[in-house]
Structures are given as C-alpha cells and as structure tokens.
Amino acid sequence: MPKRSAPLAANFLKTVKHVPGGENLYPDGDNLHLRVLASGHWTWVLKMRCKGEMGTFKVGDDLGLKDARDAAAVLRPKIKAGYNPNEEKQLERQRQKSAKLGIGTLEAIVDAYFETGPGTGNRTKAEQRKRIKSVFASHLKKPGLELVMSKLQITADAHPAKTSAARAVAYLNPILKWAAKRELTPHGIQLEKPQTLASEDEEEGQRHLTEDELKALLPHLNDHYGRCAKFMLLTAARRSEATQATWAEIDLENQLWTLPPARRKDTRSKAKKKQAPKHPFKIPLSAQAVALLEEVKAVEIQRREVFQIKEQITPATKVFSGVRGGSLVNWDRWLKMVSPLANVQNWSAHDLRRTASTFVGDLGFPPHVASVVLGHANIGGQLLADYNKTRYFDDHKKALDALGAMIANIK
C-alpha cells in the first residue's frame, strides 16, 4: 500500500524553493500536488486517472493553499467523470497553430464551401466569396470555432454599405450552418440582415432611374463598364447575362441576341429543370443596341492593336471586357466613380433592368410585354403560362425598338 504523505502547511509556501535537478513536486493529498518552478513561481496539479489513463492536470498558478484545494475540489469530480482539460488545451493550441497557417479559419471555411462543398456549382460563387470577405474582413483570420454571433452581427450592422452587408449576411448564413454540422463553427449562428434604405436595396424592387437621372448619367456611360451598362438598359438584361455574353450569341445582321439556356436564371428544383429544360431566350436588338455593339467591337479591335495582341476576336470572345481584356467584375468601384460625376446616387447596375421595364410600361406597352422583355418564364401567371407558350417576339421587338428610340432622344 503506497505511503500517504501529510498535507502541506500554509507556511510551507513561504519557504519552499526550486531545487535544481530535483523533482520539485510536493503532494498535498487527494491527488493534489505543488510543483515549484525554476522562476520561483509555483503551479498546482492533480495527478490522477482520467478514462483509465494516468495524467497530470493543471489546477492553477500561484494559488494559495486554500484556493488550490478549493479549485481541485471542483476539478477532481469532473476528471473522474471523464472530462480531460488537457484535451481542450491541446485543441486550443492546435486551433491557434492552424489559424496561423490559415487552416480552420473563417476564410478557409468560406473557400472550402465554394471549392469542395455545396457552393461548388454556384454560378455566383465568385461574387458571394468576394462580398463575404469584404464585409467580414476583420473575422477572416479567426478560427471558425471561436466565431461569436454577436461580434459578426455588429460587424454587419456597422458596415457603411447596407446592401452589401445584407447580401454578405445572406451568403454567409448557409455557410455557417454547413460548417456547424461539421464542427467547424459553433452551432446556432444565424445573422440578421442589416436594415437597408429602400432606395439603395436592390432586392426591394423600389429603385429605378428617372428620365432626368438618366439624362445626367448617359454622358458618363462611355467607358468599358458604361457601354455594358447601356447595353443592359437597352435590352433589360441582367448584369450576369450581359457581362458573360459572347460574340457567338450576337447576330448583328439579324439584330438578335440568343441567350443560351445555361445562362438564363432558373431557380427551379433539379427535378423540374430536368423535366422541362429552358429554351434559348431570343432578345431582339434595337438599332441603338446594334450601334452600341458595333462600337464595342471597334473599341476592342483598337485595344488589341494598341497592346499588340495578335489574337483575333472569335465567337467565344466575351462582348464586354475591361481595359486589359479581363471580365467586368469591379462594378462597385465603377459605380462609386461614376455616381458623383453624374450626381446620381444610390443606384445599382440591376436598377438599369428595372428602369428599362418601367420605361416600357410608360411607353404604353401592357404588363405581359414588360414581362416578356424581362425574360420571365411565366407570362401572365402560372395558369396562363401552362396553356400559352408564345413569347410575343413581335411585341418584344416593338417594345425594345421604342425603348431604344426613347433613350436616344434623352438629351
């Protein structure tokens, strides 16, 4: 039977010193030990079994005798029940180490979601990732398991661009839910969208440009982004549809833009998409739209000559590109530049589509024609759409021709 040691006396702590080469471990009873360090400080530990294995578990540093015994009394039953405080500390050290390497951080989780997780096939993943990293930049390097919902919410609420913050929250919530199921983030984090002004919220459907605003804006739509913006206005196209358009889709001779089914917005379930695939969407081009496209092509040919690019424009070439030939992705930056020049505030690229639809209505065309112009699948409601499959192409052409003429006359 092991020899029992007498409990330590309170004044022992005043005289005990570190002994070089010695064990420097003094038992107090009930598995509690005092360990004297070379620095002159001491720490208290419990030496006992946890889950059948012997271990040493820290109780506290520089505690008095009574405080050490009280702390040990709290920790001892937890260890007997299977709680291992060392595992938690090891996990914390690993999290910190991983954070320095970029592993397990919010940024790594976001990247994993879009690269190998459910977001892999998301067509807007580049925009979503960019928006999240912009709004929640201060949290990106933090370990996912240390994320705090209140701090994330404060960051979203304090962001100056409320619409951007609201979108970032909408994009981040499903990622956090996905990560929590894999024990990468705490459970239950669900952020609320910051309240936005109706005038700046693209999703509220309230903002369209007036004729006076368009009169001020049109003279500034003369660069790479501006020409694409004007094309959206003349065709009522979505931004993604216009920026991803290729010359293979454009038929200048017949004044037609054929949007492939794969690039059309489709929020239906996979089963319905398979059951009834979408058809190509034929968009008639007004004389103003054709002239704009001819200008775009001429500018691109000139750009290639200036930069001595031998490669010719091919059907696969994107219609709209930046100064260096890249995709048009910095719309926020362009809007911040052009808005003060035109003195037209709180508008977005999506508002051009809404403006086109509004003008079509103002020109006297009925609602179903405006719906056709917008490329909606269910013209006149689901019941009518089930029986009437016409796309009203002639009316579509007349509406865009009238829209083009109206915009041309805004001076």
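The values are calculated or read from the model by the stated rules, or taken from the named source; none is laboratory data. These figures come from a predicted structure and were not determined experimentally. Here the Cβ is made from the backbone with ideal geometry for all residues, glycine too, and neighbour counts use every protein chain on show.
Condition check ((1) over 30 Å from SER164 (Cα atoms); (2) surrounded by 15 or more Cβ atoms within 10 Å (Cβ to Cβ); (3) not assigned by TED's automatic domain parsing to the domain that holds ARG167) across all residues:
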position	(1), (2), (3)
ASN254	yes, no, yes
LEU259	no, yes, yes
ARG263	no, yes, yes
HIS279	yes, no, yes
PHE307	yes, no, yes
LEU328	no, yes, yes
ARG333	no, no, yes
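Would you check which residues across region 369-393 are among the hydrophobic types (A, V, I, L, M, F, W, C) and either modelled with pLDDT of 70 or more or not assigned by TED's automatic domain parsing to the domain that holds PHE281 (or both) and list them? Result: VAL369, ALA370, VAL372, VAL373, LEU374, ALA377, PHE393.
Within region 108-164, being free of Cβ contacts under 8 Å to residues at least 24 places away in the same chain, assigned to a loop (DSSP other than H, G, I, E, B) and within 13 Å of the chain's Cα centre (by Cα) holds for one residue alone: ASN122.
Of the helices (runs of 4 or more DSSP H) contained entirely in region 204-313, those carrying at least 3 residues that are farther than 21 Å from TRP334 by Cα, out of contact with any strand residue (DSSP E or B) (no Cβ under 7 Å at 6 or more places or on another chain) and modelled with pLDDT of 95 or more fall at 287-306. Please work out if LYS282 is over 30 Å from the mean Cα position of the chain (by Cα) and of a type in the set (Lys, Arg). Against the criterion (over 30 Å from the mean Cα position of the chain (by Cα) and of a type in the set (Lys, Arg)), LYS282 qualifies.
Go through region 159-191 and report how many residues are among the small types (Gly, Ala, Ser) and in contact with a Gly (Cβ under 9 Å, 6 or more places away or on another chain). Give the derivation first.
Going residue by residue through region 159-191, those that are among the small types (Gly, Ala, Ser) are 161, 164-166, 168, 170, 179-180, 188.
From what's left, in contact with a Gly (Cβ under 9 Å, 6 or more places away or on another chain): 179-180.
The total comes to 2.
Can you tell which of ASN11, ASN31 is at pLDDT below 85 and more than 27 Å from ARG182 (Cβ to Cβ)? Testing whether each residue is at pLDDT below 85 and more than 27 Å from ARG182 (Cβ to Cβ) leaves just ASN11.
Does region 160-191 hold any residues that are surrounded by fewer than 18 Cβ atoms within 10 Å (Cβ to Cβ), under 17 Å from ARG131 (Cβ atoms) and modelled with pLDDT under 90, and which are they? The answer is PRO160, ALA161, LYS162. Which ones in region 335-356 are within 26 Å of TRP247 (Cα to Cα) and surrounded by fewer than 20 Cβ atoms within 10 Å (Cβ to Cβ)? Across region 335-356, the qualifying residues are LEU335, SER348, HIS350, ARG354. So is LEU152 in contact with a Leu (Cβ under 7 Å, 6 or more places away or on another chain), in the same structural domain as LEU106 (by TED's automatic domain parsing) and among the aliphatic types (A, V, I, L, M) or not? Yes, satisfied.
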